[in-house]
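Presented below is the structure to which this report refers.
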């Protein structure tokens, strides 16, 4: 269990912790409580990501309200996964959207879509994805490889070696077929 209070390095103010405690205590009584949600500290206008649905400016507020506590203020990861990273795939926005909407089975990541029992509308999920896609990765791609003096071969070199090995296997196979055919004729 990580520290949650800012005075111990966590992300929550004492007011946020008090609101969280009040919310948890309301489970016993069933009373509905109202909690003031945080507002963005600064009004930075974010530009939309080409090809990605949603408004990153609305996503910024939604992220602060719903995601920051687990994923960190800039997606650097805390209890939740690191979001400020190089996303692989042709359409990482669609993969991210599905994860937010449906959650991740067997993990603390819940489903956030209203259709799956969560609190967010589909347009709000689009806004979150659009906001997350505006971030620069927290670490350069090169740092994701092992260090300690171990230099990994490039992908093109590995692909070339793989094709060379495949060619050698095919050549051996062809030679074996020709040899067997010749033996049967004699």
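The numbers here are math on the coordinates, done by the rules we state, and not lab data. The structure presented is a predicted model; accordingly, all values stated were derived computationally and were not measured. Quick reminder, even Gly has a Cβ in these numbers, built from the backbone with ideal geometry, and neighbours come from all protein chains shown.
By count of other Cβ within 10 Å, fewest leading, how are 8, 71 ordered? Show your work: numbers first, answer last.
Values: 8 9, 71 22.
Neighbour counts put them in this order, fewest first: 8, 71.
Using mean Cβ contacts within 10 Å as the protection proxy, how do 116-123, 73-80 order, highest first? Can you show the working numbers first?
Values: 116-123: 13.8, 73-80: 15.5.
By packing density, highest mean first, the sequence is 73-80, 116-123.
In what sequence, highest mean first, do 13-26, 168-181 appear when ranked by Cβ atoms within 10 angstrom? Could you put the intermediate results ahead of the total?
Details: 13-26: 12.7, 168-181: 9.9.
Sorting 13-26, 168-181 by mean packing, highest first, produces 13-26, 168-181.
Can you sort 126, 55 by how many other beta carbons sit within 10 Å, fewest first?
Values: 126 22, 55 17.
Placing the least packed residue first, the sequence is 55, 126.
Hey, could you pull the Cα Rg and Dmax for the range 37-143, both in Å?
Cα radius of gyration and Dmax of the range 37-143 are 13.1, 39 Å respectively.
Suppose each label sits 7 Å from its Cα in the direction of the beta carbon; what would the residue 22-residue 184 distance come out to in nanometres?
8.5
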